[in-house]
Amino acid sequence: VLAVYPVVTAVATAGLLYIAVRTFSGDDRVALAAILIFALLPEHALRTSLGFADHHAFDLVWLLTTFLGVVLAEDAADHDRPRRAIAAALVGVGILGQTLAWEAGPLLFAPVGLYAVARSALAVADDVSPIGVLAPVVAGTAVGGIGVGVAHATQGWHSAAVASTPTLLFVGTLSVALLAEAGSRVDRSPREVL
């Protein structure tokens, strides 16, 4: 299992990367080029080669699952509830898997918080509701926080500091969305909201 799992991980990451880039760019050629470039990166090629049993290959699956969830959340229109629900589930599963995978896993989903800050300011600039735009990501962080909390409480998985990071991310993204929404309702500029 340890010898073969990096190859299975490479195939899974290629699939997730293809879907994310295809959704983001709308072009099959760009998605295939992204897979080719990613596959040829020396670090990725090493970590996903046959017989190289290391947890970093597995991290890519969770990282790309989270990334795909954010891309789908960005791509989904306000009325596309099924796609927004899928986006939230992917963000949640990605954060859950990343946190439970290893002790420093939360470092890899920290960019979700930065995305929430930047996206809320862009929503204000576009004159759309920051809460509406960030809802799938906020819901996904809640799913991740609940899942990790249950694993920590019932199985003792990870320290309290590591187990609390998805919940802190949820509180942070929700706070950012609420503050941006308040700022947009009192006619603050995107720079002030940021």
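The values are calculated or read from the model by the stated rules, or taken from the named source; none is laboratory data. These numbers come from a predicted model, not from an experiment. Because the Cβ atoms are built from the backbone with ideal geometry, glycine has one as well, and the counts that use them run over all protein chains shown. With ligands, DNA and RNA removed, areas are computed over all heavy atoms of the protein, side chains included. Shrake-Rupley method; radii C 1.70, N 1.55, O 1.52, S 1.80 Å.
Can you name the residue in the range 72-98 that is surrounded by fewer than 21 Cβ atoms within 10 Å (Cβ to Cβ) and β-branched (Val, Ile, Thr) and is also nearest to Thr141 (Cα to Cα) among such residues? So the residue we want is Val93. Note on the range 7-59: residues that are in a loop (DSSP other than H, G, I, E, B) and without any contact (Cβ under 8 Å) to a residue 12 or more places away in the chain total 3. Set side by side, the residues Ala101, Ala142 differ, and just one is touching a Phe, Trp or Tyr at 6+ places or on another chain (Cβ under 7 Å), at pLDDT 95 or above and open to solvent by less than 50 Å² (accessible area, probe 1.4 Å), which is Ala142.
If the requirement is being among the β-branched types (Val, Ile, Thr) and over 21 Å from Leu114 (Cα atoms), which of these qualifies: Thr165, Thr154, Thr141?
Thr154
Out of contact with any Pro (no Cβ under 9 Å at 6 or more places or on another chain) and surrounded by 21 or more Cβ atoms within 10 Å (Cβ to Cβ) - does that describe any residue in the range 46-54? Checked against the condition, which is being out of contact with any Pro (no Cβ under 9 Å at 6 or more places or on another chain) and surrounded by 21 or more Cβ atoms within 10 Å (Cβ to Cβ), the range 46-54 yields no hits at all.
Pick from Val4, Val61, Val21, Val70: which is modelled with pLDDT of 85 or more and more than 22 Å from Arg119 (Cα to Cα)? Walk me through it before giving the result.
On the way: Val4 fails: modelled with pLDDT of 85 or more; Val21 fails: more than 22 Å from Arg119 (Cα to Cα); Val70 fails: more than 22 Å from Arg119 (Cα to Cα).
After ruling out the rest, the residue left standing is Val61.
Return a yes/no flag: does the range 145-164 have any residue that is closer than 28 Å to Ala123 by Cβ, open to solvent by 60 Å² or more (accessible area, probe 1.4 Å) and under 17 Å from the mean Cα position of the chain (by Cα). Within the range 145-164, one or more residues are closer than 28 Å to Ala123 by Cβ, open to solvent by 60 Å² or more (accessible area, probe 1.4 Å) and under 17 Å from the mean Cα position of the chain (by Cα).
Here are some residues: Ala57, Ala33. Which one is open to solvent by less than 60 Å² (accessible area, probe 1.4 Å), on the phi < 0 side of the Ramachandran plot and over 21 Å from the mean Cα position of the chain (by Cα)? Lay out the reasoning, then the answer.
Working: Ala57 fails: over 21 Å from the mean Cα position of the chain (by Cα).
Step by step, each of Ala57, Ala33 is checked, and only Ala33 is open to solvent by less than 60 Å² (accessible area, probe 1.4 Å), on the phi < 0 side of the Ramachandran plot and over 21 Å from the mean Cα position of the chain (by Cα).
On the basis of being open to solvent by less than 80 Å² (accessible area, probe 1.4 Å), under 20 Å from the mean Cα position of the chain (by Cα) and aromatic (Phe, Trp, Tyr), does Tyr18 make the cut? Yes; evaluated as a whole, the condition is true for this residue.
Out of all the residues in the range 93-105, is one or more more than 26 Å from Thr154 (Cα to Cα) and part of a helix (DSSP H, G or I)? Step through it out loud before you land on a result.
Taking the range 93-105 and keeping what is more than 26 Å from Thr154 (Cα to Cα), we get none.
Scanning the range 93-105, I find no residue that is more than 26 Å from Thr154 (Cα to Cα) and part of a helix (DSSP H, G or I), so the answer is no.
Among residues of the range 136-194 being hydroxyl-bearing (Ser, Thr, Tyr) and free of Cβ contacts under 8 Å to residues at least 60 places away in the same chain, the one that is nearest to Thr66 (Cα to Cα) is Thr141.
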